[in-house]
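A.B. asks: For reference, the structure I am asking about is given below.
The values are calculated or read from the model by the stated rules, or taken from the named source; none is laboratory data. The structure displayed is predicted, hence computed values, not measured ones. Cβ sites come from the backbone with ideal geometry, for glycine too, and all protein chains shown count toward neighbours. These area figures cover heavy atoms from the full protein model, side chains too; ligands, DNA and RNA do not enter into them. Shrake-Rupley method; radii C 1.70, N 1.55, O 1.52, S 1.80 Å.
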Amino acid sequence: MKFSSLATALALAPAVASASRMLNETAMLNETASTLPEINDLMNIAFPMWEVNDKGERKKITECTIDACEWNPFYVTKRYDGLHPDFGGHPSDNDVKYAFFASSPYAGQPYPGTPHHCPPDAPDNITAGECPKIATTSDYGPEGPGHVPPHIGLASLTWAVSDELFSMEEMFDYDNYECRVIPNVLFQMVRNYYPRIEGEKVDYPPPIVPEGGDFQYEFPSGRGLENQEPPYEPGPPHWCTEEMLASGHWDGVCPYIFEGPDAGKYRHPHIAYAALEVYLANMAMPDKCATTWLQNNPGFLDEDRVTTDTPFPVMTNDKDDAKSLKNWL
């Protein structure tokens, strides 16, 4: 993904007077929004992180409010995604309202809230591979484009901003979509870079290759559990034991990279997408859209909110505090 360095963005981009103090202290887009800061910088603005020690453990617990809440920077499991930030998870794909996730419903079947669609009467031991993602051969059927991976949305939005495919005014409609990019506009971006041949499925490239956005926070596990260090080889971002891999069950329950120089640094592409969206929305509508995702989505902290977490099986460390790193691993 071709982001400029943060220093370059600061040097080239004129200040936007109406942006918040936090945004002014980091990186600013120029008037055409064609130069973007590095995506990790944007994630750290949209999702401010708490401080950890050298083991990845949280140093200080502070009150989480809409205007002052911190997220886990040592992210190793999706188990608590969709729950209160203190549990160490991040917002889910459904929480950030990524328009083309094609999520399965929460109807009692396995793998709810994921792109895997199991039959309503599926047994608990069904594998994820037996529950397909929605893959369509046309954009005009009842399922629309089907599942478009979030890294494809991220890459498309990034490149579209760089190529100035749409003006900021064309990208946002606060009355209907608040601080989100208009879904139809995002979809036009996707099809600009990933066209469909009518009657055929679209083969989206993975996030770790240039064609898929060259996302630098995936840390794939192709070299196996005992080799959690560069160079990384193609594979899923979940680091599973050989026994787990051989079972054929959903690898989503395995941790993200948790050892080596990049331990805890995995980030979901949908979090990166949401961070970029927050950044652009704040630039386009600074009087309506804030600099953090939580300020733009205050309902996430509502105690009566229906959460979007995905059920996990019984885990070895369930006896440990659910807000502790030991539990997460």
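A.B. asks: Could you please let me know if P115 is within 17 Å of L276 (Cβ to Cβ), open to solvent by less than 70 Å² (accessible area, probe 1.4 Å) and at pLDDT 95 or above?
C.D. replies: Details: within 17 Å of L276 (Cβ to Cβ): no; open to solvent by less than 70 Å² (accessible area, probe 1.4 Å): yes; at pLDDT 95 or above: yes.
Considered against the rule, which asks whether it is within 17 Å of L276 (Cβ to Cβ), open to solvent by less than 70 Å² (accessible area, probe 1.4 Å) and at pLDDT 95 or above, P115 comes out as no.
Matching residues to (1) surrounded by fewer than 22 Cβ atoms within 10 Å (Cβ to Cβ); (2) of a type outside the set (D, E, K, R); (3) in contact with a helix residue (DSSP H, G or I) (Cβ under 6 Å, 6 or more places away or on another chain):
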| position | (1), (2), (3) |
| --- | --- |
| G248 | yes, yes, no |
| D251 | yes, no, no |
| E259 | yes, no, no |
| H270 | no, yes, yes |
| Y273 | no, yes, yes |
| P286 | yes, yes, no |
| L301 | yes, yes, no |
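A.B. asks: Also, I was wondering about something else. Considering only the stretch 54-77, how many residues are assigned to a loop (DSSP other than H, G, I, E, B), in contact with a helix residue (DSSP H, G or I) (Cβ under 6 Å, 6 or more places away or on another chain) and of a type outside the set (V, I, T)?
C.D. replies: Qualifying residue count, the stretch 54-77: 4.
A.B. asks: Also, I was wondering about something else. Condition check: free of Cβ contacts under 8 Å to residues at least 12 places away in the same chain, assigned to a loop (DSSP other than H, G, I, E, B) and over 17 Å from the mean Cα position of the chain (by Cα). Does P105 satisfy that?
C.D. replies: Criteria met by P105.
A.B. asks: Hey, can you tell me all the residues within the stretch 223-262 that are outside any loop (DSSP other than H, G, I, E, B) and either small (G, A, S) or on the phi > 0 side of the Ramachandran plot (or both)? Give the derivation first.
C.D. replies: Within the stretch 223-262, the first condition is being outside any loop (DSSP other than H, G, I, E, B), and the residues that meet it are 242-247, 251-253.
Listed by number, the residues that qualify are A246, S247, G252.
A.B. asks: Assess whether D318 counts as being at negative phi, open to solvent by 40 Å² or more (accessible area, probe 1.4 Å), free of Cβ contacts under 8 Å to residues at least 24 places away in the same chain and among the acidic types (D, E).
C.D. replies: Numbers: at negative phi: yes; open to solvent by 40 Å² or more (accessible area, probe 1.4 Å): yes; free of Cβ contacts under 8 Å to residues at least 24 places away in the same chain: yes; among the acidic types (D, E): yes.
Yes: the conditions hold for D318.
A.B. asks: Filter the stretch 150-207 for residues that are of a type in the set (A, V, I, L, M, F, W, C), within 20 Å of N94 (Cβ to Cβ) and touching a helix residue (DSSP H, G or I) at 6+ places or on another chain (Cβ under 7 Å) and give the result.
C.D. replies: The answer is I152, L154, L157, C179, V181, I182, L186, V190.
A.B. asks: Taking the stretch 315-329, which residues are within 19 Å of M244 (Cβ to Cβ) and part of a loop (DSSP other than H, G, I, E, B)?
C.D. replies: Those that are within 19 Å of M244 (Cβ to Cβ) and part of a loop (DSSP other than H, G, I, E, B): M315, T316, N317, D318, L329.
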